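To start, the structure itself, in structure tokens.
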Amino acid sequence: MGKITGFLEFARLQEAAEPAAERVRHYREFMVHLDDAQARQQGARCMDCGIPFCHNGCPVNNIIPDWNDLVYRDRWREAIEVLHATNNFPEFTGRICPAPCEAACTLNINTDAVGIKSIEHAIIDKAWAEGWVKPQPAARKTGKRVAVVGSGPSGLACAQQLARAGHAVTVFEKNDRIGGLLRYGIPDFKLDKTLIDRRVGQLKAEGVEFRTGVAVTSDFPGMVCNLSTGTMPASKLLKSFDAVVLAGGSEVPRDLPIPGRELKGVHFAMEFLPLQNRVVAGDSLPNQLRATGKHVVVIGGGDTGSDCVGTSHRQGAASVTQFELMPKPPEHENRLLTWPYWPVKLRTSSSHDEGGQRDWSVTTKAFNDDGHGNVKSLTCARVAWVKDRVTGRMTMEEVPGSTFEVKADLVLLAMGFVHPVAQMLKAFDVATDERGNARATTEGDSAYQSSRERVFVAGDMRRGQSLVVWAIREGRQAARAVDAFLMGASDLPR
């Protein structure tokens, strides 16, 4: 694949980015995809490695060596066909996926991995620019109707696959715009929302119907379907559709129930991030929660915390500090021990490059009151992680005498999400697992089927908080399961 000696001749090339001092002044995307010549050279680095571990590293099992080779040979139109064969929305993953495929790249054993994500980004952007991405409406209709609840990456992928199989698909979204957490969870500087609108246009042309502002609820006496008030009883969906797919997100955030939690200025990340996305989209929000001029503390070291950091910079925070409970990871993994698996190592996002402070092994003990019901500071302490002699598990112990205080006008809790909204699952009387997710297997004749007949589940609603690329995979596989359930067999790819 690629050039036989390419991995020896060419170094890995990172995508260019607008300087931090300039990009913090706006909310536009600031990464620039590789040009054609650069992408061809990076594709040349792909090895003829025999067993391409990148396939299994990628949740959607992208056929990576093939489209790397096609780009190297300047056969871009064939490259997008191969890419689309496994991934409905490479413009999303090419921008925001952490690229587990690159961790599994054979080159990554002892040198820099092939820049798979940057090549994917270049392929799909070129395909849209050249007009190669077109609607693919089904040649025949099946007469079957499917409702998809949730319009995030899982719901959109599921809807597109089912529509292409000939089913009449309606997507229900509780928010005013399509996209789920793609729309209101990911900042615009990481994912321009016109990319979502463009795909929605394609899905509409393929026959998918979208209904926004509609919350699916439990039944109660006298309730009727009323789209104008944004309600749809679960029983109505089950009566009106041959199958229902629940593809909502894992939206219940992990809380921090410590003294002072009730103070003004302590918020979940998802009370903060969506508001800025709405403003960028043109909404007027007079009471928008903003970081402007404030000392911001972000609790949680993952992607959501990083998004809070970047948004706070752009809003003009006085200072930004991010705390993580776990120890600081090593800057470089031991590749001979971790390859081809996803390694635990220090990851610095573009938002971190823009400024602020990061600290690890820090626990927050209390939020302190300024005397008027507002948060003024945090009481924190250092912790040490030690192995329990009996269980062998790592346990947290506070370091004696390590207590300290940090000034804060705004605290953002970004510690992850624990499970989907329970009301949705209760509305359909769907059984849950021990974590509160919808219970369903991924294999066999009952794949992605919930405990309720004709109700399927996919994405974060089934597997819990995860990546966009995992959501796309689950949406595609759930679509195949629904198609097989309705038709007795399915030609849809897994």
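Observations
- You will find that of Gly293, Gly300, Gly305, Gly316, the residue that is within 19 Å of Gly180 (Cα to Cα) and at pLDDT 95 or above is Gly305 and no other.
- Ser235 being polar (S, T, N, Q), crowded, with 18+ Cβ neighbours inside 10 Å and either part of a loop (DSSP other than H, G, I, E, B) or out of contact with any Pro (no Cβ under 8 Å at 6 or more places or on another chain) (or both): no
- Residue among Asn87, Asn110 that is in contact (Cβ under 8 Å) with a residue 60 or more places away in the chain, open to solvent by less than 10 Å² (accessible area, probe 1.4 Å) and not aliphatic (A, V, I, L, M): Asn87
- Considering residues of segment 260-319 that are touching a Pro at 6+ places or on another chain (Cβ under 7 Å) and open to solvent by 30 Å² or more (accessible area, probe 1.4 Å) only, the residue farthest from Val406 (Cα to Cα): Met270
- Scanning segment 87-104 for residues that are charged (D, E, K, R) and within 14 Å of the chain's Cα centre (by Cα) yields Glu91, Arg95.
- When the residues of segment 167-211 are filtered to those that are in contact (Cβ under 8 Å) with a residue 40 or more places away in the chain and of a type in the set (Ser, Thr, Tyr), the one that is farthest from Arg145 (Cα to Cα) is Tyr184.
- Exactly one residue out of Met47, Met31 is out of contact with any helix residue (DSSP H, G or I) (no Cβ under 6 Å at 6 or more places or on another chain) and not acidic (Asp, Glu), and it is Met31.
- Unmet criterion (only one of (1) outside any helix (DSSP H, G or I); (2) touching a strand residue (DSSP E or B) at 6+ places or on another chain (Cβ under 9 Å)) for His121: (1)
- Selected residue (criterion: least open to solvent (accessible area, probe 1.4 Å)) from residues of segment 177-209 that are among the acidic types (Asp, Glu) and more than 24 Å from Gly282 (Cβ to Cβ): Glu206
- Among residues of segment 123-160 being of a type in the set (A, V, I, L, M) and over 18 Å from Thr86 (Cβ atoms), the one that is farthest from the chain's Cα centre (by Cα) is Ala139.
- Considering (1) open to solvent by 50 Å² or more (accessible area, probe 1.4 Å); (2) touching a Phe, Trp or Tyr at 6+ places or on another chain (Cβ under 6 Å); (3) assigned to a strand (DSSP E or B), the lone condition that Arg452 does not fulfil carries the number (3).
Yes or no, residue by residue, for (1) among the hydroxyl-bearing types (Ser, Thr, Tyr); (2) under 22 Å from Ala215 (Cβ atoms):
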{"residue": "Gln161", "(1), (2)": "no, no"}
{"residue": "His167", "(1), (2)": "no, no"}
{"residue": "Ile178", "(1), (2)": "no, yes"}
{"residue": "Thr194", "(1), (2)": "yes, no"}
{"residue": "Val200", "(1), (2)": "no, yes"}
{"residue": "Leu203", "(1), (2)": "no, yes"}
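- Residue within segment 469-478 that is surrounded by fewer than 24 Cβ atoms within 10 Å (Cβ to Cβ) and part of a loop (DSSP other than H, G, I, E, B) present: no
Matching residues to (1) assigned to a strand (DSSP E or B); (2) open to solvent by less than 10 Å² (accessible area, probe 1.4 Å):
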residue	(1), (2)
Ala127	no, yes
Trp132	no, no
Ala138	no, no
Val148	yes, yes
Ala157	no, yes
Asn175	no, no
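- Hits in segment 161-171 (condition: in contact with a Gly (Cβ under 9 Å, 6 or more places away or on another chain) and buried (at least 24 other Cβ atoms within 10 Å of the Cβ)): Ala163, His167, Val169, Val171
- Verdict on Val418 being surrounded by 15 or more Cβ atoms within 10 Å (Cβ to Cβ), touching a residue at least 24 places away in the same chain (Cβ under 8 Å), assigned to a loop (DSSP other than H, G, I, E, B) and within 32 Å of the chain's Cα centre (by Cα): no
- Tally of residues being surrounded by fewer than 16 Cβ atoms within 10 Å (Cβ to Cβ), at pLDDT 95 or above and either charged (D, E, K, R) or over 23 Å from the mean Cα position of the chain (by Cα) (or both) across segment 21-59: 7
- Scanning segment 263-302 for residues that are charged (D, E, K, R), touching a residue at least 40 places away in the same chain (Cβ under 8 Å) and in a loop (DSSP other than H, G, I, E, B) yields a single hit, Lys294.
- Asp429 meets all of the listed conditions (1) surrounded by 20 or more Cβ atoms within 10 Å (Cβ to Cβ); (2) modelled with pLDDT under 95 but one, namely (1).
- Going through (1) modelled with pLDDT under 95; (2) part of a loop (DSSP other than H, G, I, E, B); (3) open to solvent by 50 Å² or more (accessible area, probe 1.4 Å) one by one, Gly371 falls short only on (1).
- Residue pairs meeting the criteria (Cβ under 9 Å; at least 6 apart or on separate chains; first at negative phi, in segment 20-32; second open to solvent by 30 Å² or more (accessible area, probe 1.4 Å) and in a strand (DSSP E or B)): Arg23/Ala17; Phe30/Ala17; Met31/Ala16; Met31/Ala17; Val32/Ala16; Val32/Ala17
The values are calculated or read from the model by the stated rules, or taken from the named source; none is laboratory data. What you are looking at is a predicted structure, and each value in this text was computed from that prediction instead of being measured. Here the Cβ is made from the backbone with ideal geometry for all residues, glycine too, and neighbour counts use every protein chain on show. These accessible areas exclude ligands, DNA and RNA; they are computed on the full protein's heavy atoms, side chains included. Shrake-Rupley method; radii C 1.70, N 1.55, O 1.52, S 1.80 Å.
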